[in-house]
Every structure is written in C-alpha cells, then in structure tokens.
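What follows is a structure written as structure tokens; I'll ask about it next.
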Amino acid sequence: MRLLILAALIVCCSQAMAQCKTFRLSPKGDTLNCIDRNDMKRGKWTVHVGPLRGNPGYDEEGEYLNDRKDGIWRRYSLMGDLLAVQSYKWGNLDGISQYYTVAGLEREESWRAMNPDKAYDTLEVEDVNNENKYLQVVVKNDGKSMKHGTWKWYRPGGMSIVRSEVYFLNKIQEPGDKNNANATGTDSSGTAKKPEPKKAKPKEVEQFEKKNSGKKSTKVRDGKVG
C-alpha cells in the first residue's frame, strides 16, 4: 500500500513539475498553488492572510484560471469558521456571494462580472423586474463587477430577511422604478427601440415656410381676439 501511495505521489509530482514552475502538494497529494511557465496562477489554491493593523486574518481556497479567480471561493476565519462563499468570473465577483457570522448567514449579494479584456461590453442580463425577460445592454467597462440583482440582509441566527435592495447594473431600483434599459436603446423586452416616424407637414405649411425662409419673423394673425 505504501509503495502504491509513493508511486502515485511520484506521478503527481512529475505532472506538476511539467506544468508548473512552482507548486506545493497537499497531504492528499493534490497539486496546489501552481504558477505555470508563463508566471500565471492556475488550478487549486489556498491562501493564508495573517492579522494586520487590527484586522483579523483569514484563509481562503478556490481555483485560478489564467491568473484570475474563477468559480466558487470559500473564506474561513483563522479558527476555521466559514466567513464567505463567493462566486468569481474573470477575477471579478459574479452571481451570488454569501457572508456569514458565527450566528449564520448575514447577507447575500448579487453581482455581474465585467470582462476586463474589453473596453465596452454587451451584456445580456436578466430583467430584475421580470425573470422571464432579458435585456441587451452596452456598458463602458472599467474591469470591475457591477451590482446586479437582489441584495438581502438576514436576521442574526435566522433566515428571515430584514432588508433588501434591488440593483440594475450598479443602479439601485426604487419601488415602481423601471430599469435603465431605455438609455441603451432597448425596451423592456430587450429589443431595439424604433425611432418614431416624423409627421408630414401640411402642403400649405411647407409652401409658407419655403416662401418666408430667411426673412425676419412676421406677426401672423391667428384669429384670436384680444
């Protein structure tokens, strides 16, 4: 049995050395904290942050993809208590993130990640007022996450919601508000708005304007008395 375990460790080390410039092995033989030949973080990582300037330290674990956090990351206190479960995409928060105290779930946040490789991004996002509708929104990209969806705060020790806020691409939505899709040229169904056709002027009006174009304004009787 020991020979089999040793052989497995040798195989794992050989594979890790072929892919990673630096790494470490977990007690189970998993490759952790890999930095590849291009100096990019990849695969499973564990991070330890010690106390600093009165702030408590923590440990966190998750995966890197092309030097960016990706997927689910979990954060723990130095005592081993769960502090947060965060979801990442392109190294930015994306989707639902939950934060805990010793009493249980404290709050829940909803984020939309922005692709840091693009100056502008066209997002297809779920309408916060109607989960069956999607909107296409063009936004300037600052490479960060945007608040999008419902944020919830919970009563300590219970699952009852004491407060909630709804966001649409970083803008808080007040009760009765519509989202800001109209500013992007789309309607609530996500389709582009068509410009309203100009109404044709009566022929007499066009002739009058053409005849008097370039002249000073002239007082015209309109039939009103007084």
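The values are calculated or read from the model by the stated rules, or taken from the named source; none is laboratory data. Only a predicted model underlies this, so the values are computations on that prediction, with no experimental measurement involved. Note that each Cβ is placed from the backbone with ideal geometry, even for glycine, and that neighbours are counted across all protein chains shown.
If you check D70 against the conditions, is it without any contact (Cβ under 8 Å) to a residue 60 or more places away in the chain and under 29 Å from the mean Cα position of the chain (by Cα)? It would help to see each step written out before you state the result.
Details: without any contact (Cβ under 8 Å) to a residue 60 or more places away in the chain: yes; under 29 Å from the mean Cα position of the chain (by Cα): yes.
Taking the combined requirement at face value, the residue satisfies it.
Is it the case that segment 158-170 has a residue that's surrounded by 17 or more Cβ atoms within 10 Å (Cβ to Cβ), modelled with pLDDT of 95 or more and either among the aromatic types (F, W, Y) or over 30 Å from L78 (Cβ atoms) (or both)?
yes
Report, by residue number, each residue of segment 78-108 that is among the hydrophobic types (A, V, I, L, M, F, W, C), out of contact with any Gly (no Cβ under 9 Å at 6 or more places or on another chain) and without any contact (Cβ under 8 Å) to a residue 40 or more places away in the chain.
M79, L82, L83, A84, V85, V102
Of R24, R2, R112, which residue is closer than 20 Å to K147 by Cα and modelled with pLDDT under 95?
R112
Pick from G104, G149: which is surrounded by fewer than 18 Cβ atoms within 10 Å (Cβ to Cβ) and of a type in the set (G, A, S)?
None of the other options fit; the residue is G104.
Can you tell me which residues in segment 109-129 are within 12 Å of the chain's Cα centre (by Cα), small (G, A, S) and not in a strand (DSSP E or B)?
If the condition is that a residue be within 12 Å of the chain's Cα centre (by Cα), small (G, A, S) and not in a strand (DSSP E or B), then A113 is the only one that fits.
Given segment 27-69, what strands (runs of 3 or more DSSP E) lie entirely inside it while holding 1 or more residues that are among the aromatic types (F, W, Y) and surrounded by 14 or more Cβ atoms within 10 Å (Cβ to Cβ)?
41-49, 58-65
Restricting attention to segment 138-162, and to residues there that are among the basic types (K, R) and outside any strand (DSSP E or B), which single residue is farthest from P116 (Cα to Cα)? Can you show your working first?
Start the filter on segment 138-162 by keeping residues that are among the basic types (K, R), which leaves 140, 144, 147, 152, 155.
Among the residues that remain, those that are also outside any strand (DSSP E or B) are: 144, 155.
Working: K144: 7, R155: 36 Å.
Checked segment 138-162; the qualifying residue farthest from P116 (Cα to Cα) is R155.
From Y76, Y88, which residue is out of contact with any helix residue (DSSP H, G or I) (no Cβ under 9 Å at 6 or more places or on another chain), assigned to a strand (DSSP E or B) and closer than 23 Å to F168 by Cα?
Y88
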